[in-house]
Amino acid sequence: MARKSTVQNDSDQIKDQVFSELQVLIEESEKLLSDSASLVGEEAEGLRAQLGLKLRQARDATSRLGQKAQPVVDATEQYLGGHPWQTVAVSAGFGLVVGLLLGRRQ
């Protein structure tokens, strides 16, 4: 049971870190967009409009990705927590196959 909560905590931390870094990227891009307001001309205005559109699309995609990924993460955590020995066996088998293939190459 403790293993399941550890896996879930690690997964939550990774997910939170990725989303927070993406959020920082979006915020910095928005700051760049507002700082570029001093630029003049039609090209600068077009560039700002395109950048604003891309930022909105990135924000929407981030929220959709989070919503879509959560059920998959939950199902994976539930399966791995309920079948620890099968998980170990599959991982060991995969490692053996990869090891044999890499050993054959050299």
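There is no residue in region 35-46 that is part of a helix (DSSP H, G or I), closer than 27 Å to K15 by Cα and either free of Cβ contacts under 8 Å to residues at least 40 places away in the same chain or not aliphatic (A, V, I, L, M) (or both). Applying the criterion of being in contact with a helix residue (DSSP H, G or I) (Cβ under 6 Å, 6 or more places away or on another chain) and not hydroxyl-bearing (S, T, Y) to the residues of region 74-87, the residue that is nearest to E21 (Cα to Cα) is E77. Against the definition (among the β-branched types (V, I, T), closer than 15 Å to F19 by Cβ and surrounded by 11 or more Cβ atoms within 10 Å (Cβ to Cβ)), how does V90 come out, yes or no? No; evaluated as a whole, the condition is false for this residue. For G95, are the conditions met, namely being under 28 Å from K31 (Cβ atoms) and either of a type in the set (F, W, Y) or out of contact with any Lys or Arg (no Cβ under 7 Å at 6 or more places or on another chain) (or both)? For G95, the condition - under 28 Å from K31 (Cβ atoms) and either of a type in the set (F, W, Y) or out of contact with any Lys or Arg (no Cβ under 7 Å at 6 or more places or on another chain) (or both) - is not met. Scanning region 74-105 for residues that are out of contact with any Leu (no Cβ under 7 Å at 6 or more places or on another chain), β-branched (V, I, T) and closer than 26 Å to Q13 by Cα yields T76, V88, V90. Out of D74, D60, which single residue is surrounded by 12 or more Cβ atoms within 10 Å (Cβ to Cβ) and charged (D, E, K, R)? Selected residue: D74, the only one of D74, D60 that is surrounded by 12 or more Cβ atoms within 10 Å (Cβ to Cβ) and charged (D, E, K, R). With respect to the stated conditions, T62 is polar (S, T, N, Q) and under 15 Å from I26 (Cβ atoms).
With respect to the stated conditions, Q67 fails to be in a helix (DSSP H, G or I), at pLDDT below 75 and out of contact with any Phe, Trp or Tyr (no Cβ under 7 Å at 6 or more places or on another chain).
The values are calculated or read from the model by the stated rules, or taken from the named source; none is laboratory data. Because the structure is a prediction, the values reported are computed rather than measured. Heads up, the Cβs are rebuilt from the backbone with ideal geometry, glycines too, and the neighbour counts pull from every protein chain shown.
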